[in-house]
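Have a look at the structure below before the remarks.
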């Protein structure tokens with residue numbers, strides 16, 4: 001009798017654990033996805049279509065175009081490689097003249113810097129596909145400042161493409177603020193070492209008479225290494241492109 005009771009208890013515990021596991025992994029929800037969505041739809045739902053993890057767009061290109069090579073895939077953020085979506089081992093030795101750009105921010109794009117503990121301004125995320133810094137925008141109320149003449153220093157931490165290591169680049173510039181406007185924009189032409197990405201941009205105003213307290217925002221403008229005018233656009237969707245040299 002005791003053996004039967006133990007068996008019943010064992011099966012009860014086993015069923016209970018199974019039910020808890022099913023609930024934990026959302027079994028019925030995931031099973032319904034398998035039934036109602038095909039493989040392509042599930043990929044898009046998981047990775048997106050035209051964004052930094054735009055597996056949906058890559059899959060579309062693979063199905064509708066015959067690649068001459070294994071295209072180089074360029075993204076704008078730090079994510080695992082996406083070559084697995086379209087890679088063809090039979091084309092490893094062919095010249096790579098095809099590029100797929102996901103989430104292209106434009107020929108010129110900007111990043112907003114935040115004030116840091118040293119009363120400077122910083123952007124600490126990675127910035128990809130940058131050839132140079134082309135502009136600086138300073139936003140604030142400058143009517144009461146003592147002097148409109150400022151010196152600022154931009155420090156960039158660059159992941160060198162050739163030597164595969166980080167290096168610091170420092171550039172000092174002089175600007176003159178227009179006291180009568182809130183947004184002051186300055187054209188710059190700061191060439192950057194050929195890089196994989198930037199990791200950190202710092203801007204400090206030197207001898208600025210506490211100008212930081214008058215500043216409400218700072219934006220740095222970058223020039224993208226990818227110039228669409230230099231390629232044949234084979235296909236595009238929003239800000240995703242299939243290009244050929």
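What follows is calculated from the coordinates using simple rules that are stated; it is not laboratory data. Keep in mind the model is a prediction, meaning the values are calculated, not measured. Don't worry about glycine lacking a Cβ; one is built from the backbone with ideal geometry, like all the others, and counts go over all protein chains shown.
Separation of segment 129-200 and segment 53-107 by C-alpha centroid, Å?
Each part's Cα centre sits 32 Å from the other's.
Say a paramagnetic label sat at a point 7 Å from the Cα of residue 210, along Cα to Cβ; which residues of segment 144-163 have their backbone N under 15 Å from it?
Those under the cut-off are 144-147.
FRET efficiency for residue 114 and residue 167, Cβ-Cβ distance as r, R0 = 22 Å, nearest 0.05?
Working from the Cβ atoms, E equals 0.40.
Using only the Cα atoms of segment 108-225, what do you get for the radius of gyration and for Dmax, in Å?
According to the Cα coordinates of segment 108-225, Rg and Dmax are 14.3, 47 Å.
Would you mind ranking 15, 139, 215, 151 by Cβ crowding within 10 Å, fewest neighbours first?
Numbers: 15 10, 139 17, 215 20, 151 13.
With the fewest neighbours first, 15, 139, 215, 151 line up as 15, 151, 139, 215.
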